[in-house]
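The values are calculated or read from the model by the stated rules, or taken from the named source; none is laboratory data. Being a predicted model, the structure only gives us computed values, none of them experimental. Here the Cβ is made from the backbone with ideal geometry for all residues, glycine too, and neighbour counts use every protein chain on show. We work out accessible area using only protein heavy atoms, side chains counted, and drop any ligands, DNA or RNA first. Shrake-Rupley method; radii C 1.70, N 1.55, O 1.52, S 1.80 Å.
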Amino acid sequence: MSLGVPTSVVRFPRRERLRIVVLISGGGTTLRNLIQKIQAKEIPAEIVLVISSTGKAGGLRFAEEAGIPTVVVPYKQYPNEAAFSEAIFEHCRQVNPDFVCMGGFLKRLVIPDDFALRVLNIHPALIPAFAGKGYYGRRVHEAVLDFGAKVSGCTVHFADNEYDHGPIILQKAVPVLDEDTPETLAARVFAQECEAYPEALRLLAAGRVQVEGRRVRILPP
């Protein structure tokens, strides 16, 4: 499977239990949500490894508390994105995951062919709006408010070699209120993120996701 927009139809097989790797760079709120949903049996999955781009990431403690193995791959130790990415995916290969989930991972990855359509990301806006390089965290919500948008939300998508660009699996919208601050909007969007990522993983586990070029079809049960 070559990276980029595939010309063929790709349908993911049903799996009883997904093996996932989670990539983090910061506080790990997405990781914590996934751990909680898995423990509550709301996602048929197991997190087999957490990889952080920095040893200072607060999210590492959530993994350690849950007994999940962790690896730190410091971005600054590599000469370029390609070398850094290869180190990340070599760790992934060693645990043979079904999918790699980016959870607040702030580094761009060069995704190798064997991980095409196997890396997921969640973005705190409705792609393609307020997306791309530099749009992360509080900056996204500030941009939404500054622009005067009336709707925002979150997007779960397959990651490719561009920021916030790969085929969209699902989106959830929230209203932007007149009295919103970046913090209040972020909280409303994050509440939807906590449901969207688990939903996407459940659909993948159920074999209900089919990719046709840039279009992702959710198949009936």
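Give the residues of segment 125-139 that are without any contact (Cβ under 8 Å) to a residue 40 or more places away in the chain, within 22 Å of Pro198 (Cα to Cα) and not small (Gly, Ala, Ser), sorted by residue number.
Once the filter is applied, which keeps residues that are without any contact (Cβ under 8 Å) to a residue 40 or more places away in the chain, within 22 Å of Pro198 (Cα to Cα) and not small (Gly, Ala, Ser), segment 125-139 yields Pro128, Tyr136.
Can you report the number of residues in segment 89-106 which are of a type outside the set (A, V, I, L, M) and open to solvent by 70 Å² or more (accessible area, probe 1.4 Å)?
Final tally of qualifying residues: 4.
Condition (residue is basic (Lys, Arg) and over 18 Å from Leu109 (Cβ atoms)) applied to segment 20-34: is it met by at least one residue? Walk me through it before giving the result.
The initial filter retains those residues of segment 20-34 that are basic (Lys, Arg), namely 32.
Subsequent filtering for residues that are over 18 Å from Leu109 (Cβ atoms) retains 32.
Yes: segment 20-34 contains one or more residues that are basic (Lys, Arg) and over 18 Å from Leu109 (Cβ atoms).
Applying the selection to segment 142-158, what residues are open to solvent by 10 Å² or more (accessible area, probe 1.4 Å) and either under 15 Å from Pro124 (Cα atoms) or basic (Lys, Arg) (or both)?
Answer for segment 142-158, where residues must be open to solvent by 10 Å² or more (accessible area, probe 1.4 Å) and either under 15 Å from Pro124 (Cα atoms) or basic (Lys, Arg) (or both): Glu142, Ala143, Leu145, Ala149, Lys150, Val151.
I'm told Val110 meets every condition in (1) at pLDDT 95 or above; (2) open to solvent by less than 40 Å² (accessible area, probe 1.4 Å) except one. Can you identify the failing condition by its number?
Val110 satisfies all of (1) at pLDDT 95 or above; (2) open to solvent by less than 40 Å² (accessible area, probe 1.4 Å) except (2).
Would you please name the residue that is surrounded by the most Cβ atoms within 10 Å (Cβ to Cβ), looking only at residues in segment 20-75 that are assigned to a loop (DSSP other than H, G, I, E, B) and touching a Pro at 6+ places or on another chain (Cβ under 8 Å)?
Out of the qualifying residues, it is Ile43.
Picking from Val216, Val209, Val189, which residue would you name as being under 19 Å from Ile43 (Cβ atoms) and open to solvent by less than 10 Å² (accessible area, probe 1.4 Å)?
Values: Val216 fails: open to solvent by less than 10 Å² (accessible area, probe 1.4 Å); Val189 fails: under 19 Å from Ile43 (Cβ atoms).
Among Val216, Val209, Val189, only Val209 is under 19 Å from Ile43 (Cβ atoms) and open to solvent by less than 10 Å² (accessible area, probe 1.4 Å).
Output the residues belonging to segment 159-182 that are over 23 Å from Leu120 (Cα atoms) and either in a loop (DSSP other than H, G, I, E, B) or in contact with a Pro (Cβ under 9 Å, 6 or more places away or on another chain) (or both).
Val176, Leu177, Asp178, Glu179, Asp180, Thr181
Against the conditions (1) within 26 Å of Glu81 (Cα to Cα); (2) charged (D, E, K, R); (3) modelled with pLDDT of 95 or more; (4) within 14 Å of the chain's Cα centre (by Cα), where does Glu195 fall short? Just the number, please.
(1)
What are the residue pairs meeting all of these: first residue in segment 201-212, first residue at negative phi, second residue open to solvent by 10 Å² or more (accessible area, probe 1.4 Å) and assigned to a helix (DSSP H, G or I), Cβ atoms under 7 Å, and 6 or more apart or on different chains?
The qualifying pairs are Val209/Leu203.
Going residue by residue through segment 39-49, is there one that turns out to be over 13 Å from Leu201 (Cα atoms), under 15 Å from the mean Cα position of the chain (by Cα) and modelled with pLDDT of 95 or more?
Yes: segment 39-49 contains one or more residues that are over 13 Å from Leu201 (Cα atoms), under 15 Å from the mean Cα position of the chain (by Cα) and modelled with pLDDT of 95 or more.
Check Pro175, Pro182, Pro198 and return the single one that is without any contact (Cβ under 8 Å) to a residue 60 or more places away in the chain and open to solvent by less than 60 Å² (accessible area, probe 1.4 Å).
The conditions single out Pro182.
Does any residue of segment 135-151 turn out to be within 13 Å of the chain's Cα centre (by Cα) and either closer than 27 Å to Arg14 by Cα or of a type in the set (A, V, I, L, M) (or both)?
No, segment 135-151 contains no residue that is within 13 Å of the chain's Cα centre (by Cα) and either closer than 27 Å to Arg14 by Cα or of a type in the set (A, V, I, L, M) (or both).
Considering only segment 202-221, state which residues are out of contact with any Pro (no Cβ under 8 Å at 6 or more places or on another chain) and either closer than 24 Å to Arg32 by Cβ or assigned to a loop (DSSP other than H, G, I, E, B) (or both).
Leu203, Leu204, Leu219, Pro220, Pro221
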